[in-house]
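Taken together, the values in this text are just the output of simple stated rules run on the coordinates, not laboratory data. As the structure is a computational prediction, the values presented were derived from the model and not from experiment. Ideal geometry is used to build each Cβ from the backbone, glycine not excepted, and the neighbour counts take in all protein chains shown.
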Amino acid sequence: MKAAGALHITREFNTRRFFAVLTALYLLILVLAPVANAQSTGEIDLELTKDVTPAVVEVGESVTWTIAVSNEGAGDASGVEVGDILPDGLVYRSHGGLGTFDPLAGTWTIGDISAGDTVTLEIVTAVTLVGDIVNEAEVTMADQDDIDSTPGDGMGDDWDDAAISSIPTGSDFIDLELTKSANPETVVVGGETTWTIEVINQGPEAASGVEVGVAVPNGVTYLSHMGPGSFDPGSATWNIGDLDVGESVSLDIVTRIDVVGDLTCVAEVTMADQEDVDSVPGDGQGDDWDDATITSTPTTDDIIDLELTKSADPTNLRVGDQTTWTVDLTNQGPDDATGVEVVVTPPSGVTYISHTGDGSFDAGSGIWTVGSLNAGASVSLAIVTTVDVVGDLTCVAEVTMADQEDVDSTPGDGQGDDWDDATVTVTPTGDDLIDLELTKSANPTSLAVGDETTWTVDLTNQGPDNATGVEVTVTPPSGVTYISHTGDGSFDSATGLWIVGDLAVGARVSLDIVTVVDVEGELTCEAEVTAADQEDIDSTPGDGTGDDWDDATVVATPVGEDLIDLELTKSAAPVNLKIGDETTWTVDLTNQGPNNATGVEVTVAPPAGVTYVSHSGDGSFDAATGLWTIGALAVGDVVSLDIVTTVDVLGDLTCEAEVTAADQEDVDSIPGDGEGDDWDDATVSVFPEGTELIDLELTKIAEPTHVNVGEETTWTISLTNQGPDAATGVAVTVSPPAQVSYVSHIGLGDFDPATGEWSVGDLAVGDTVTLAISTTVDADGTWTCEAEVTAADQDDVDSTPGDGEGDDWDDATVSTDPPPTDGIIDLELTKSANPTLVSVGDTTTWTVELTNQGPDPASGVEVTVSPPSAVTYISHAGDGTFDSATGIWTVGDLAVGATVTLAIETEVDEIGVWICEAEVTAADQEDIDSFPGDGQGDDWDDASVEASSVLAAAIIGDTVWLDEDADGVQDAGEVGYEGATVVLTNLDSGETATQTTNADGLYLFAALEPGRYTAAVQMSSIQEGLGLTTPGSFTITLEDNDAYLTADFGMAEELPATGFDPIPLSLGGLILALLGAVALELTWPEREGRRIASVGKVA
């Protein structure tokens, strides 16, 4: 019954029309959706950042890696995935954030990121290894193109990494970081600047006893300072004391600037009670060291530095001969010079002939008018005269006028670097004259009774004429016994007479005499020219004085006496620089014995005008005091120190170094006396900008040096540009001897074997090029091949192309003399370890392989293996015999090409990185490229293993999936089941843990202890109607580091057959289609007569 008065409308439903409208609307949506999507989507720009906290941890602790991905583009991003595969040393613990993360695959599935949005993922891992561990992350997939990066290419702003430092458990470590700055950075001379030092402790422990050393540059004056702790401006030491984790402190030092140039102030942590995780106090490097540089500019007054040199060639002449007096003048700046004049004062007894050079020269007054001379420029004047009188004749030259003030000399005062002279010696005509110069040396000079030493005599004829009938008498000391001799001429060991005979002008001869030292004390051997047919211009044969006489002394000590012989050498590289360039000063110190040295200290005195940058080497070095503390130095050992500085001023800068302390007495020097073989210096030259100068250095070697007729030798030429500027147009001429035949060559540049021309072309500062020329030797004898730079576009600072001398020239010699009778060998040793990553208590095997590359068989071969202290010997196997107590592996004989092997098994006892070394320490033959027991060369090698603590690193995991065919096997296309709960029970302890499967149905239990477990799926978490197609639980026994990844669970249900496949339709499209159809139906035209209305009342 209907209620009265109600209006009831019924309508016939038109099925055909409804589905037609529905289909039309759906097709319209399909067409318009991509257009709308294209209009609403702009370009994407995904940017990824990776951070970790904490940055320093102990093994076994956890760290959190945070990945943030932002879409900086104008359009929305979809289908976004990020890859983050954990490196060795990390074990997954947990994660949190948007999207889903698969720890097994290392895939973070984000999906959509709207323009301007950021999503974040945090991954917690345990740290299992000691050392630096780097974890990377990168966008690996997106549906849209990124405007500035490519997914998965390992670069760009969609990639980032973060690193931690892992230290052993229980370690007391700190991480001090220091930064240095200056304000203002550009100052006028006389102005002030503030140097700021900031130190922060990044942990993980609090620091105590912290001190910072400040190396204030030369050329500044201390004014004041402000900051916590205490600062001593005298020693430049900042005592900070305690510094908590995360705490930072700052110090401001105010100085006045007194000189022009770049001034650098260095600061470094020099002391702390705890060990720093990534730096060493006082080593001149690392994040506990920094520097800051300011540039000071001069006042408005122009300043110049004129340097003058004077030379003569030749210097030994006859009356009536000509000589050339050369004056070179350079303006070292910093400003251009004008109004420059030089006065040349020739000696009485010469007659002017001619002159050539720059500027104008008045031979009557001796005035050389130079005029303008730019900073860095040089001019020369060559004056030719005859010499008219006998004697020494000296010509003087000096700057006498300039418009600007010279920084270090006064015009016309007869001194300073703007003044110089040169002298020639004139002898009468008629009789031939010679100048024989003799030098005597011994090596070694410190030895024990019973040792051998070699006495060397060198004799040179300086001319002006050839010498004949030359004899030298060598007087050995009492207490030595003659063994042998080698050299030029003939030597009678009974009389000590060395008959040299003829000696041409410029020629040199040598004699080496080997003796045994029989008594203790100082023993001196003398040598002197005792006969010559010509008169010597400055010495008399046999008078015991003059430059034709010399002696050498050795010191012999009793066996067991506590004496040392420290020898120090100093060098610099590069030696030619411009202001602001860096150079490295190297100090090498050797103990020649006969005893070990202790308490050794060396003081390095850098020159004014350099700024300390850094240092590296043995021992410890204090840059503020220049004290290099070495400590103990065994007999034969060598230690080195490299100090890097910038050069801040023009000119020659010399750095000295000397032994200043040792517990033992040195046999031939006294610490700190500024002389002897425990002292040395090195000099660099600094040139102004704008001057193109080069320094080409050439070396020549031959290998082998002993050959048979018809065999090949290779002549190798190396050419280096020491700067300070790049060289162009470089050519070298090689002059092989006539007794060899060209075979082949290899090297950079172009070489013409017909002319010997090697076209090098361009050579940058510090670069080296090499040419190797192979030839056959065609005749018996000793043959020499020369090579020299013959062309370059720039001036060389210390040599002249093609003049047959200087450091751009060298030669090498081969001989058909037979090689030493005991043979030559080439032993090559390699060292390896397996495995290299272990846990404490594991074993590793150290393997040593030794090969003889020949050319002769080896005998008496021994190798010493030096295992680290943190391992315990277990066993060994291999060739020869091995003594595990001494580490000596006795190989004995080793034929050419033969290889022997030794494998040593040890147990690793401690956490850390442990290195085992091995080296050949004995052989009867000489090795062609290495020395037994010197700790280097191809007869030495090492290997390392890294040991960590034993951590829980076993895992259990797999998949829960929809098993469509219910066969218990996950087939291709069968997807994972998300949201299933898997329960893991430790059967030994009863403890349980749960994991929920991700979108791919994956689950993982990580960092598990060894033991027995069951893994079971919790069916209450599974959709109703699904059942297992696999066992519902697995029982698993885990060992250390096991990975059980086959605990998978299949789910299936019986589905009714429908007879058709569902048509995919987007939800939005379906809703719109239905709404449209309803709207159309509700507004259908009435003219079709399908509406029926009835009106009535309630009965």
- Task: Starting from the Cα of D622, step 7 Å toward the Cβ, then list every residue of the stretch 580-612 with an amide N under 17 Å from that point.
- Result: 599-606
- Query: Could you state the number of Å between the C-alpha centres of the stretch 455-516 and the stretch 314-384?
  - Reply: 42 Å
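With the Cα gyration tensor of the chain in hand, give its eigenvalues times 5 under a square root as the equivalent ellipsoid semi-axes, listed largest first in whole angstrom. Spell out each step's value before the answer.
On the way: eigenvalues 1337, 351, 198 Å².
Three semi-axes, in Å: 82, 42, 31.
Highest mean first, how do 905-912, 484-491 rank when packing is the count of other Cβ atoms within 10 Å averaged over residues?
Numbers: 905-912: 17.8, 484-491: 15.2.
My ranking of the peptides, most packed first, is 905-912, 484-491.
Let a ≥ b ≥ c be the square roots of the eigenvalues of the Cα gyration tensor of the stretch 304-427; is it rounded (a/c under 1.5), or, if not, prolate (a/b larger than b/c) or oblate?
Details: a/c = 2.45, a/b = 2.08, b/c = 1.18.
It is prolate, given that a/c is not under 1.5 and a/b is the larger ratio.
Which of rounded, prolate or oblate describes the stretch 433-557 when judged by the alpha-carbon gyration tensor and an a/c cut-off of 1.5? Kindly include the intermediate steps, with their values, before the conclusion.
Details: a/c = 2.48, a/b = 2.09, b/c = 1.18.
Cα axes put the stretch 433-557 in the prolate bin.
For the stretch 361-456, what does the alpha-carbon gyration tensor say about shape, rounded, prolate or oblate, given a ≥ b ≥ c as the root eigenvalues, a/c under 1.5 as rounded, and a/b over b/c as prolate?
Values: a/c = 3.87, a/b = 1.66, b/c = 2.33.
Oblate, because a/c is 1.5 or more while a/b does not exceed b/c.
With the contact rule set at Cα under 8 Å and sequence spacing of 6 or more, what percent relative contact order holds for the chain?
Working: 3015 pairs, mean separation 80.8, N = 1099.
Normalised by residue count, the contact order of the chain is 7 percent.
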- On a 0 to 90° scale, report how tilted helix 1067-1082 is relative to the longest principal axis of the chain, with both axes built from alpha carbons and the result rounded to the nearest 10. 30 degrees
- Could you state the number of Å between the C-alpha centres of the stretch 521-538 and the stretch 853-875? 51 Å
- Cα-Cα pairs in the stretch 173-297 separated by more than 21 Å, as a whole percent of all pairs, come to 36 percent
- Note on the structure: Measuring from the longest principal axis of the C-alpha atoms of the chain, the long axis of helix 15-40 (C-alpha) lies at a number of degrees, nearest 10, equal to 20 degrees
- Query: Once the piece of chain linking D793 and L86 is laid out straight, how much longer is it, given 0.36 nm per residue of separation minus the C-alpha distance between them?
  - Reply: 248.9 nm
